[in-house]
Amino acid sequence: MGAWLRWLTLGVVGGVAAALFVYLFLCGPGLTGRPGETAHRGPPAERAGEPPPAAQGTDAGTARTLRIGWTAWSDAEVVSLLAQRLLEKRMGLEVERVMTDIGIQYQGVANGDLDVMLMAWLPVTHRDYWEQVRHRVVNLGVLYTGRLGWVVPAYVPEAELGAIPDLADPEVGRRVGGRVQGIDPGSGLMQASEQALEAYSLEELDLVPASGAAMTAVLDRAIRNRDWVVATAWRPHWIFAAYDLRFLEDPEGVLGGEERVHALARQGFQEDFPAQVLGFFSRLYLPQEELAGLLLEAQDTSPEEAVERYIRENPARVRYWLTGEVEEPG
């Protein structure tokens with residue numbers, strides 16, 4: 001009887017140990033993580049030396065802080081600030097505006113590091129960026145229209161300098177200082193401007209990169225001195241309200257024509273934020289004349305003050321953006 005009990009005891013202990021081993025192997029904590037989670041390998045972005053992926057929302061319709069990409073251009077600044085103010089004050093979201101180069105914005109939205117960008121100039125200006133990410137982003141529609149090109153002050157005689165090919169004349173090139181004042185290196189406008197130099201055989205001219213603020217400073221100084229100057233520029237911009245400017249004709253169409261500025265979102269955006277947020281970005285549209293006035297006021301006061309005043313003075317338009325409700329005539 002004693003031997004039988006010993007064998008029975010050993011059998012029970014062995015069975016319990018085996019069952020415990022199976023439980024720990026299948027259901028217990030993994031090599032990393034919390035109890036009850038199995039071990040897993042992180043995605044490539046979690047490996048050493050690489051940035052972690054952007055945090056995702058938890059339940060449908062709730063998410064982390066909404067991140068809007070923008071570049072230091074006057075129109076992008078006020079439009080992104082306008083969106084931030086409305087989303088925070090009217091929808092209760094947390095919004096972060098992330099200033100970065102335009103190429104990084106496209107990649108940021110495509111990779112999910114940014115939620116939206118509000119400055120995709122299509123179909124020509126940002127064509128190369130768009131082609132790289134078009135299948136990895138969501139186009140939310142047109143925000144406003146615009147145009148890119150090279151501008152001169154209106155006092156420059158159009159008979160002498162009315163089109164880009166006129167800059168091939170050595171005397172005209174000398175009068176403009178042998179340069180075209182540019183903006184941010186790598187921007188779509190600068191890329192198109194480099195192509196224009198080649199297309200019109202303007203080897204004697206230098207395309208000078210700088211910030212948008214530096215471009216406007218150069219333009220302002222030249223106008224005050226009544227000097228000839230050529231600058232890369234885009235409409236809408238407050239300079240067209242502050243100065244009398246004209247675009248140089250571009251017979252080859254290198255710099256493009258009328259452009260549409262789109263809002264782009266990362267894939268999965270609609271699952272991570274409330275439906276009204278997607279609707280807001282889809283309805284957000286600024287008429288050209290209203291945006292021009294907003295930009296000029298931002299220059300005279302501040303972008304924050306200009307945006308707050310626009311919101312106060314345009315309640316019907318703002319309500320439509322936020323809710324889709326259209327004010328009845330009368």
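The values are calculated or read from the model by the stated rules, or taken from the named source; none is laboratory data. All values derive from a computational prediction rather than experimental measurement. When we count neighbours, we look across all protein chains shown, and the Cβ atoms used for this are built from the backbone with ideal geometry, even at glycine. Remember, those area values only see protein heavy atoms, side chains included, never the ligands or the DNA or RNA. Shrake-Rupley method; radii C 1.70, N 1.55, O 1.52, S 1.80 Å.
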Amide H neighbours of Val180 at under 5 Å, excluding residues fewer than 5 places away on the same chain, with H built from the backbone geometry, are Asp206, Leu207, Val208
Shape call for the range 263-330, from the Cα gyration tensor axes a ≥ b ≥ c (a/c under 1.5 means rounded, otherwise prolate when a/b beats b/c, else oblate), comes out oblate
Expressed in angstrom and rounded, the centroid-to-centroid distance over alpha carbons for the range 286-330 and the range 133-174 is 27
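Extension gain Ala168-Lys89, at 0.36 nm per residue separation less the Cα-Cα distance, in nm? Working shown, then result.
Numbers: separation 79, 0.36 × 79 = 28.44 nm, distance 5.29 nm.
My answer for the length gained is 23.1 nm.
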Residues meeting the amide H criterion for Leu114 (H placed from the backbone, H to H distance under 5 Å, 5 or more places apart or on another chain) are Val109
Expected vector for the range 88-96, Karplus 3J(HN,Hα) from phi with 6.51, -1.76, 1.60 and θ = phi - 60°, integer Hz, x for Gly and Pro, equals 6, 7, 9, 10, x, 8, 8, 10, 10
Expressed in angstrom and rounded, the centroid-to-centroid distance over alpha carbons for the range 218-262 and the range 73-105 is 25
With all protein chains present, the range 61-116 has a carbon and sulfur share of its accessible area (1.4 Å probe) in percent of 45
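What does the charge add up to near Ala214, with Lys and Arg as +1, Asp and Glu as -1, over the other residues with Cβ less than 12 Å from its Cβ?
-1
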Given a 1.4 Å probe, the accessible area of the range 253-330 per residue, as a whole number of Å², is 50
Those GluC sites (Glu not before Pro) from the range 254-330 that are DSSP loop and have at most 11 other Cβ neighbours within 10 Å turn out to be Glu325, Glu327
Expressed as a percent, the accessible surface of the range 219-307 that is carbon or sulfur, using a 1.4 Å probe and the full set of protein chains, is 43
Candidate cut points under GluC sites (Glu not before Pro) in the range 120-182, DSSP loop plus at most 14 other Cβ atoms within 10 Å of their own Cβ, are Glu158, Glu160
Interchain or sequence-distant (5+) residues whose placed amide H lies within less than 5 Å of the amide H of Ala163 are Glu249
